[in-house]
Amino acid sequence: GRNFPLVRPADDVHIYIAEARWLEANTPAGSTIGMSGGGTAAYFMADRTLVNLDGLINSTDYFQQVKNGRGREAVDGFGLDYVYGNAYLLTSSNPYYNTLKDRLTPLGMMNDQTLFRYANP
């Protein structure tokens, strides 16, 4: 059937692979990238470290720092170079607004996702 063809057209690139290639083209090797919803794209990226920002609350250390009002310091400690995701989500919703405020400079977009430079103090 059409859902699972045996042969895919050469120009039919899955969004996760396209995102990974775009991020590789727009960040230097060795970069650390924070990404909301980035677990799948991470499988396809080479020479980059991806921090899945959605999964942070599952980390005991991060959770304790958030409870103590130090979530922003925890994120600074990840050594992020870039952050990638939906601009509204990252700049206007919790917990991202509080932890990323004044740290993000937009650099470019792929579809509805924005790549930001992360300014670690």
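The values are calculated or read from the model by the stated rules, or taken from the named source; none is laboratory data. Everything quoted here is computed from the prediction, not taken from an experiment. Ideal geometry is used to build each Cβ from the backbone, glycine not excepted, and the neighbour counts take in all protein chains shown. For accessibility, only protein heavy atoms count, side chains too; no ligands or nucleic acids. Shrake-Rupley method; radii C 1.70, N 1.55, O 1.52, S 1.80 Å.
Tabulated data for the structure shown
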| quantity | calculated |
| --- | --- |
| Members of region 98-116 that are of a type outside the set (S, T, N, Q), open to solvent by less than 70 Å² (accessible area, probe 1.4 Å) and not in a helix (DSSP H, G or I) | R103, L104, G108, M110, L115, F116 |
| First in region 70-95 and within 14 Å of L107 (Cα to Cα), second anywhere and at pLDDT below 95 and among the small types (G, A, S), Cβ under 6 Å, 6 or more apart | V83/G34; G85/S36 |
| For P121: the one exception among (1) surrounded by fewer than 16 Cβ atoms within 10 Å (Cβ to Cβ); (2) without any contact (Cβ under 8 Å) to a residue 24 or more places away in the chain | (2) |
